[in-house]
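A.B. asks: One structure, as structure tokens, below. Some questions next.
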Amino acid sequence: MQNFKIDWKDVGFKSLKYLTELFVVVFGVYIGFKANNYAEELKQKDYVNTTIKEMYQGLAEDAKDAEDNKKGHLGGQKAINYFLKLSNNNPVKKDSFEFYLLGVLTRNFVSIQNTAPFETIKSKGFNLITNDSLRKNMIKLYDFQYEVLEKLEEKYQEMQFYANEANHINEILAPSILYDDEGKFVKVKMPLQISDQDRNRLILILKRFNFNRKFIISMYDTVIKDIQNLRKQLEEVYPFVLEK
């Protein structure tokens with residue numbers, strides 16, 4: 001029977017070599033994994049930063065659009081006051097009659113908001129926004145307040161001034177309006193050629209208009225303030241949004 005002698009020194013050397021090679025492979029895989037994760041984190045960070053900057057810039061446009069709509073409703077209130085004076089036979093600028101009647105009194109507005117950056121963040125997960133207060137204010141503005149404005153302007157029946165009352169107002173005022181043979185406005189007869197019943201009906205319509213416009217103007221005031229506050233918060237949390 002042959003007797004084999006084990007060279008433990010050689011075994012130890014080979015084992016150490018094997019373990020070293022294994023360690024190098026495992027460490028290399030680990031480094032590669034970490035590098036890949038780091039690259040993904042950088043990519044994700046750049047993506048979020050780009051989206052945040054788009055949101056910051058979009059909010060400026062949203063505030064402008066909200067201000068324009070608010071001014072439109074304030075103009076509607078001026079038209080309401082004009083026709084309240086007219087219905088009470090108080091002096092008014094007759095040249096403004098057709099402008100207020102056709103272009104301002106019953107006008108509605110479209111609520112325009114740039115929600116794309118928010119929807120992007122929403123789809124990726126709100127955990128991307130690590131600041132709890134900022135995340136809460138984003139959701140409040142985009143998911144609640146913008147939706148309320150859209151419904152008030154475009155879907156809530158009570159606020160559809162033209163659809164609800166334009167025909168009624170025209171019917172009441174038509175007997176008092178004089179047009180020439182070419183259809184050009186000449187004047188409105190004073191006092192108005194309307195019955196007491198139609199006069200009361202007109203006043204009730206105007207007062208309801210005034211109440212509804214006051215409500216939506218107050219909503220715009222709140223939203224505009226919250227847009228401005230959110231932009232300031234974005235500046236504090238992400239100072240790069242101020243960069244050109």
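Okay, residues lined up against (1) assigned to a loop (DSSP other than H, G, I, E, B); (2) loosely packed, with under 14 Cβ neighbours inside 10 Å:
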site: 95; (1), (2): no, yes
site: 99; (1), (2): no, no
site: 107; (1), (2): yes, no
site: 111; (1), (2): yes, no
site: 119; (1), (2): no, yes
site: 127; (1), (2): no, yes
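A.B. asks: Among the residues of region 75-93, how many are outside any helix (DSSP H, G or I) and of a type in the set (A, V, I, L, M, F, W, C)?
C.D. replies: Looking only at that region, the number is 1.
A.B. asks: Consider residue 174 against the criteria (1) surrounded by 12 or more Cβ atoms within 10 Å (Cβ to Cβ); (2) in a helix (DSSP H, G or I): it satisfies all of them except one. Which criterion is unmet?
C.D. replies: (1)
A.B. asks: Does residue 81 satisfy the condition of being at pLDDT 95 or above, crowded, with 16+ Cβ neighbours inside 10 Å and among the polar types (S, T, N, Q)?
C.D. replies: Criteria not met by residue 81.
A.B. asks: Which members of region 129-138 meet the condition of being part of a helix (DSSP H, G or I) and surrounded by 15 or more Cβ atoms within 10 Å (Cβ to Cβ)?
C.D. replies: 134, 135, 137, 138, listed by residue number.
The values are calculated or read from the model by the stated rules, or taken from the named source; none is laboratory data. What you are looking at is a predicted structure, and each value in this text was computed from that prediction instead of being measured. Ideal geometry is used to build each Cβ from the backbone, glycine not excepted, and the neighbour counts take in all protein chains shown.
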